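Have a look at the structure below, then the notes.
The values are calculated or read from the model by the stated rules, or taken from the named source; none is laboratory data. For clarity, every value in this text was computed on a predicted model and none was experimentally measured. Positions of Cβ are generated from backbone atoms using ideal geometry, with glycine treated the same way; all protein chains shown enter the neighbour counts. Just the protein is used for accessible areas: all its heavy atoms, side chains included, with ligands, DNA and RNA removed. Shrake-Rupley method; radii C 1.70, N 1.55, O 1.52, S 1.80 Å.
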Amino acid sequence: MTNGVDGSLRRARVAIDLGAESCRVSLLRWCDGRPEISLVHRIPNGPVHVDGSLHWPFNQILAGLEAGLRKAASAATEGIASIAVDGWAVDYVRLGEDGLPVGNPHCYRDERTVVAKEAADRIAPPEWAFQHAGAQPLRINTVYQLLADPASGIDPHAPWVNLPEYVLYRLGGRRVAEYTNATHTGLVDIATGDWSKELLQKLDLPADAFPPIVPAGTVIGKLTGLLTALPAFCDTDLVVPACHDTASAIAGIQTDLDGTAYICSGTWSLVGTVIPAPITTREAMDAGYTNQGAASGGFCFHTNVNGMWILKQCLETWRKAGRTWELPDLIEQAAGRNDFPGTVNVDAPPLMLDGDMPARLNEQLRAGGHAAIDQAGGNDPLFARVIFESLAARYASALRSLEHMLSNSIRRIHILGGGSLNQLLTRLTAERTGLPVETGNVESSTVGNFAVQMASSEANGGALRTEAVRRWAHQLCEKRECGAVHPGSGKQSSP
């Protein structure tokens, strides 16, 4: 054994991360007994409008993933031991009798769920549903999408499977729902960890359409199909990691989480911590917190905060106006704009929608009693500063609520995802919260995906162990220095 890696673990691994903005195929190989992670393929992604509805272009995603897997096979001459897929939650694919999709899946932002949720709330009131399932009763949840399907002309008895698990199903695996992802549906009994018979009966959802729930780290089959003609894929396991990308990101944190809050900063910002038992009080629901399964036990207790979606939509508006930005340049210029008029509620419903985001931000500024920003090109960094200041303020309020519910103090913050590269947002978060902020791996979901694969191989069919996942996350990240910002310093340091 070299550096804790024996011969059975030396074959390469593939992690697929489905993102709302891009999907990535990454490869883990061993060089002189040490792990090396490389990005081998990236597929741009984003929802598209089709006949008045918002869908994911999943055929394009699948074609891109196949290209990425072929690149991985070409690079990994030692063979690929396993493939695992994580991604965003709540969306799913419906399958026909032939096992193929009945159409491209709806995007969770589609407004078809508005009526469905209103109807469901009359049958299963939000407070009762939260206490029962632990999931914040958000309009985007799978439960409301399933209820909206008949009005969209979709057979409610058609089998369905969440998107990361569908990719594995498509590659040859069994149709399953991985536990961390299943808890995002709003349909898992928080006490049993299985589908809630009571909820399904109340809402008249056919149980025969639901896939069985399995824990993170489960091997659900072998790769089949044309890809197996490639030598690297002659004996490749298909593994469900923590299929929800946030649970994978948390699994990718290599340090002890005691007294630590996390902020997973991407399209959404998820602010919370890991707890041993769910919190389903009315206070937790009103504060927007949710209880989602963690990779190897316990719960990711966090609130959904609108995130870089706001900035992305601004960038798209500016691009259409002929103004393109490199993100580092925009952040640098935003850092110098201390003349911002004020902050907005980033969770305001209009800011969750797409289209003309600068105008939406101005609407929110005026609603808060602040001056609107002239939408001329020179003010783009000013809009960005408003977004970053508003996010930092929302993080601070979320953490105050978290401390109150835990009856305990948070001692530090760990930022993961793309937001960890934004030094301005990191500094503003430290200033608003008064806490030191550590920045973790930009691709923490990929690190957590690989950590679960390695820990699963060690367990050899047994239960996933938290200490094993953390150990592998540390080993996979040990080459990367994590920065830290302390309140008032405005400077980033390395340990």
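Below, the figures for the structure above:
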{"quantity": "Computed over region 29-170: relative contact order in percent, which uses C-alpha pairs under 8 Å that are six or more apart", "calculated": "26 percent"}
{"quantity": "Once exposed loop GluC sites (Glu not before Pro) are cut out (DSSP; at most 16 other Cβ, 10 Å), longest piece of the chain", "calculated": "112-325"}
{"quantity": "Between region 211-241 and region 355-384, the alpha-carbon center distance in angstrom", "calculated": "48 Å"}
{"quantity": "Space enclosed by the convex hull of the alpha-carbon atoms of the chain, per residue, Å³", "calculated": "145 Å³"}
{"quantity": "Kirkwood-based Rg to Rh ratio, region 23-179, C-alpha trace", "calculated": "1.04"}
{"quantity": "Candidate residues M352, M285, M454: accessible-area rank, largest first, probe 1.4 Å", "calculated": "M352, M285, M454"}
{"quantity": "Percentage of interatomic Cα-Cα distances in region 384-462 larger than 22 Å", "calculated": "40 percent"}
{"quantity": "Most to least accessible of D91, D256 (protein chains only, probe 1.4 Å)", "calculated": "D256, D91"}
{"quantity": "Antiparallel %, DSSP beta bridges [both residues in the chain], to 5", "calculated": "70 percent"}
{"quantity": "Of the trypsin sites (Lys or Arg not before Pro) in region 302-337, those whose Cβ has at most 15 other Cβ within 10 Å and which sit in DSSP loop", "calculated": "R323"}
{"quantity": "Mean separation of Cα contacts under 8 Å (6+ apart) over length of the chain, as relative contact order %", "calculated": "14 percent"}
{"quantity": "Region 249-331: relative contact order as a whole-number percent, Cα under 8 Å and 6+ apart", "calculated": "27 percent"}
{"quantity": "Solvent-accessible area of T224 with every protein chain in place, 1.4 Å probe, in Å² to the nearest 10", "calculated": "80 Å²"}
{"quantity": "Accessible area, probe 1.4 Å, largest first, for residues W268, W56", "calculated": "W268, W56"}
